[in-house]
Amino acid sequence: MSSFNVKSLDDLPNDTLNQKRVIVRVDFNVPIHNGVVTNDLRIRESLPTINRLLEMNSKVILISHLGRPKGKRSPEYSLKPVLDSLKKLLPNVTIHFVETIEELKEKSYQINPKEIILLENIRFYEGEEKNDPELSKKLAECGDIYVNDAFGSAHRAHSSTEGIANYLKPAVAGYLLKKEIEYLSKAISNPEHPYIAIIGGTKISGKIDVIQNLLSKVDKLLIGGAMMFTFYKAQGINVGKSLIEEDKIELAKSLLDQAKEKILLPVDCVVSDTFDFKNLKVGSLQVVEIHNIPENGIGLDIGPKTLELYSKELENAKTVVWNGPMGVFEIQDTAKGTLEIAKQLAKITKKGATTIVGGGDSASAIEGANLQKEISHVSTGGGASLEFLEGKILPGISILDKK
Ligand code: ADP
Ligand code: MG
């Protein structure tokens, strides 16, 4: 597929970067509370690219969005808290902040190499999300080279993620984007076998394209999360009051018909008599076999027998892709399935397996368990990683120069 052979920073001759104005589209869409960045992971993840450019004597121009200000300037979506974080992470670098593209253009000529300019939230411009060519051209004039390092936004064709690359060449991938492409493409183009996908989360509907795309490539597909109940309902099994998608029962049936030998479903689950997600409260919990779910039972996690079965399947896997938690991991009592699977992935990673986790909630489950360093790759892009796993071509990647 064409998006795998895009050029990265390393494919540019070194002198290309010397004294040049390099625009880097980063993903600084970070959580901010009372004007302070509460999780700077995404900022830290952009440092390899930024540091490389500083090393190569470039002028570094950083562009990012934050939240959804809908084309209007509003202080609550300002990137100024990000500026503070960035200054802390790069204490010896001069970092300028500009409010507008006009200011950016002017300053881009004035600053010295090895300095940085951070532009205020690009979504303060209405044209950004519309991929307005005029905005793209204006942005392109602020630099000599374009680097996209914002994987989390690569599935959107916006001015700063796609449009700009029509007017500014070379246009290449930064290190974070490169890493994402390398791992995720391994999961869909030439995985080492045995290859296992684990799919969970709430809904089949959100995951159907991922399931369909992976089904032809994997040796086994392990199902967890609420979607398991729709699969069981499709087989006429009583699932009590568990969450199901009535209108996806037929789909679940046809998936099972297509690939019965590949799809593994839980054999037991943890049920509760009450469930209040808003207040993160469950009632009295019990483990039941899948065929014994009580009338008022709400299935909230996979059970111990399932864990044993899945762990065994995973033992000898060489490639694993995981998307979607096994249960309601936000509540400690129903987080075990997700946690244990995460631990098993950490274990096989040590033995040499490639393990890839995609999806926003799955990634936060891994981070919550502090296992991110023990997994080969935890994708930083929620929606983007899903679309990648669906086999879609992401506009922010496909627009970049090819090798
Ligand atoms: P990701 O963001 O990793 O793609 P999803 O958004 O598809 O994952 O699903 C995550 C959500 O699924 C979590 O909020 C989790 O609580 C929920 N979930 C998992 N299992 C169940 C279940 N049995 N019943 C209700 N919700 C569930
Ligand atoms: Mg989610």
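The values are calculated or read from the model by the stated rules, or taken from the named source; none is laboratory data. Remember, predicted model here, so these are calculated numbers, not experimental data. Note: ideal-geometry Cβ built from the backbone for every residue, glycine included; neighbour counts use all protein chains shown. All accessible areas refer to the heavy atoms of the entire protein, side chains included, with ligands and DNA or RNA removed. Shrake-Rupley method; radii C 1.70, N 1.55, O 1.52, S 1.80 Å.
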Requiring at least 3 residues that are under 21 Å from A154 (Cβ atoms), the strands (runs of 3 or more DSSP E) wholly within the range 287-403 are 319-323, 354-358
A259 - would you say it is away from ligand 2 (no atom under 16 Å from the Cβ) and either of a type in the set (G, A, S) or under 21 Å from T230 (Cβ atoms) (or both)? yes
Residues of the range 38-81 being of a type in the set (V, I, T), over 23 Å from L135 (Cα atoms) and touching a residue at least 40 places away in the same chain (Cβ under 8 Å), in sequence order, are I43, T49, I50
Can you find a residue that is within 22 Å of S362 (Cα to Cα) and within 16 Å of ligand 1 (Cβ to nearest atom) anywhere in the range 168-178? no
Of (1) closer than 30 Å to K217 by Cα; (2) assigned by TED's automatic domain parsing to the domain that holds L104, N166 fails just (1)
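For every residue, the table says whether it meets (1) within 14 Å of ligand 1 (Cβ to nearest atom); (2) surrounded by fewer than 23 Cβ atoms within 10 Å (Cβ to Cβ); (3) assigned by TED's automatic domain parsing to the domain that holds V267.
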| site | (1), (2), (3) |
| --- | --- |
| V320 | no, no, yes |
| A335 | yes, yes, yes |
| T338 | yes, no, yes |
| G381 | yes, no, yes |
| I399 | no, yes, no |
Regarding the range 190-199, can at least one residue be identified that is open to solvent by less than 10 Å² (accessible area, probe 1.4 Å), assigned to a helix (DSSP H, G or I) and touching an Asp or Glu at 6+ places or on another chain (Cβ under 9 Å)? no
Restricting to the range 292-318, and then to whatever is of a type in the set (A, V, I, L, M, F, W, C) and away from ligand 1 (no atom under 12 Å from the Cβ), can you tell me which residue is most open to solvent (accessible area, probe 1.4 Å)? L309
Among residues of the range 200-240 being over 18 Å from D257 (Cα atoms) and among the hydrophobic types (A, V, I, L, M, F, W, C), the residue surrounded by the fewest Cβ atoms within 10 Å (Cβ to Cβ) is V239
Filter the range 249-285 down to residues that are of a type in the set (S, T, N, Q) and over 29 Å from the mean Cα position of the chain (by Cα) and give me whichever is surrounded by the fewest Cβ atoms within 10 Å (Cβ to Cβ). S284
Right, P31: in the same structural domain as S85 (by TED's automatic domain parsing), modelled with pLDDT under 95 and under 14 Å from V172 (Cα atoms) or not? no
Pick out the one residue from I101, I95 that is within 21 Å of E162 (Cα to Cα) and assigned by TED's automatic domain parsing to the domain that holds L135. I101
From V288, V328, grab the single residue that is under 28 Å from the mean Cα position of the chain (by Cα), open to solvent by less than 30 Å² (accessible area, probe 1.4 Å) and not aromatic (F, W, Y). V328
